[in-house]
Amino acid sequence: MSKTINVAMIGQGFMGRSHSNAWGQVKRFFKPELMPVLHTVYGMEFENPKAFADVWDWQNASTNWEETIKDPAIGLIDIVTPNFMHAPPAQAAIAAGKAVACEKPISATLEEAREMSQAAEKAGVESFVWFCYRRTPAVALAYKLVRDGMIGDIRHIRATYLQEWADDSVPFAWRFKKAYAGSGAHGDLNAHIVDMTRFISGLEVTEICGAITETFVKERVVPDGNMTDEELRYSKDIKTGAVKAAVEVDDTTLFLCRFDNGAIGSYEAARQATGNYNRNAFEINGTKGSLKFNFEDMNYLEFFDATRPRPIQGWTKILCTNAVHPYVGNYWPDGHLIGYEHGFTSMAYDILLQLNGQTPTVPLASFTDAYNTQRVLEAALISANEKKWVNMSDVK
């Protein structure tokens, strides 16, 4: 008979749906020895957590996250709240000695991220951060190819994460307020590509320079009931009379960096890159070859083998949907494409493996790992604000 672990999810929304789907599907595709039970979902009263629970097959609904975390029946806490609400439930879960998974970035501030990392390490509890792109089969294959020496010594990394959704028609929400989000495109998107390239390359950033940020839409209309007067700096639109709030985070952030092996890199995140829906992409160049990936074409990894004779060198576009590729054998037959949601399901499986004392398919990000990614993001903001080189050893 399989062992089980009761999961409680703190939060709902888009990520709540993604995580609920993963916890519900993982036992159907992977058959883990440790089986998840969708025990309790927390949401605020106006979110109607009971309705959410009914749709996604959670056994219980709660409007009190503190009591939910204290419940002795719960073994794993999964946090999908807005960024500013990551630390309180995470710290409560750690204090209760429970495993905890959290969306990225793990906090709106570097200080809280450090405290979460230290608390998890001191308590000896398992912590996980949902950098789910690591579990895209093409990305997991890139990780393995680098480890196998297929591209040699890495010399250059270029990573971009471009979206277009945040034009001036989008109303104000928590993502545009610094106290709630920490930063804008930088924390939301650069967090993913910094983690993904650190994961694939095995390299760490040592210095950052040339950082620049910009907020193109300075104010956004506040929907009725969205936030209180005390929470926002309001101004009145003279033409429409609509209440507006100042946008306090970046629409785009770019920076350059150096890695611990001497390689150099560039990172770019944008929410107003017209024509790009979810272009999460990298190119990694080495002495023996290169790799390219774009999540908008997520089933493919491009590989250039420079060890082949010059006349037949060229980019090979690998369709990563065969059973020999990471995770794919648990889903569909060869050549049948997978999608965004499968990365979450695969990560749920790896979490269950690690909680059961087994080795995940590829390494998971812990709170400490995510804190080190957040240090890179913080260094870039310092570089942008002070217009200078920043040494990573100075960012703690």
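The values are calculated or read from the model by the stated rules, or taken from the named source; none is laboratory data. Nothing here was measured: the structure is a model prediction, and the numbers come from that model. When we count neighbours, we look across all protein chains shown, and the Cβ atoms used for this are built from the backbone with ideal geometry, even at glycine. The protein model used for the area step is the full one, side chains on, heavy atoms only, and it has no ligands, DNA or RNA in it. Shrake-Rupley method; radii C 1.70, N 1.55, O 1.52, S 1.80 Å.
Observations on the model:
- For a straight C-alpha distance cut-off of 17 angstrom, the lysines reachable from residue 31 (same-chain residues fewer than eight places away being disregarded) are 3.
- Listed cross-link partners 27/122; 177/244; 144/288; 177/218; 50/98; 218/388 are compared with a 22 Å cut-off, the Cα-Cα value being larger for 27/122; 50/98; 218/388.
- In a DSSP loop and with at most 16 other Cβ atoms within 10 Å, the chymotrypsin sites (Phe, Trp or Tyr not before Pro) in region 169-221 are 216.
- Computed on the Cα trace of region 1-116, the radius of gyration divided by the Kirkwood hydrodynamic radius gives Rg/Rh = 0.96.
- Counting only Cα atoms, region 86-209 measures 46, 43, 30 Å along its principal axes, largest extent leading.
- Average accessible surface area per residue within region 57-169, 1.4 Å rolling probe, Å²: 39 Å²
- Label-reachable residues, region 284-302, where backbone N falls under 15 Å from a point 7 Å from residue 324's Cα toward its Cβ: 301
- Low-density loop cleavage sites - chymotrypsin sites (Phe, Trp or Tyr not before Pro) in region 244-278, where at most 15 other Cβ are within 10 Å (DSSP): 277
- Each listed q (0.22 Å⁻¹) maps to a log10 I(q)/I(0) for region 21-71, found by the Debye formula over equal Cα scatterers with no solvent: -0.81.
- Antiparallel %, DSSP beta bridges [both residues in the chain], to 5: 60 percent
- Protein heavy-atom surface of region 284-356, 1.4 angstrom probe: 52% of the accessible area is carbon and sulfur, with nucleic acids and ligands not counted.
- Panel note: the C-alpha atoms of the chain, placed on their principal axes, show extents of 66, 62, 40 Å (largest first).
- Cα Rg over Rh - region 278-319, Kirkwood: 1.03
- Our note on the geometry: Cα centres of region 280-328 and region 149-199, 22 Å apart.
- Considering only the Cα atoms of region 290-396, their convex hull presents on average a projected area of 11.0 nm².
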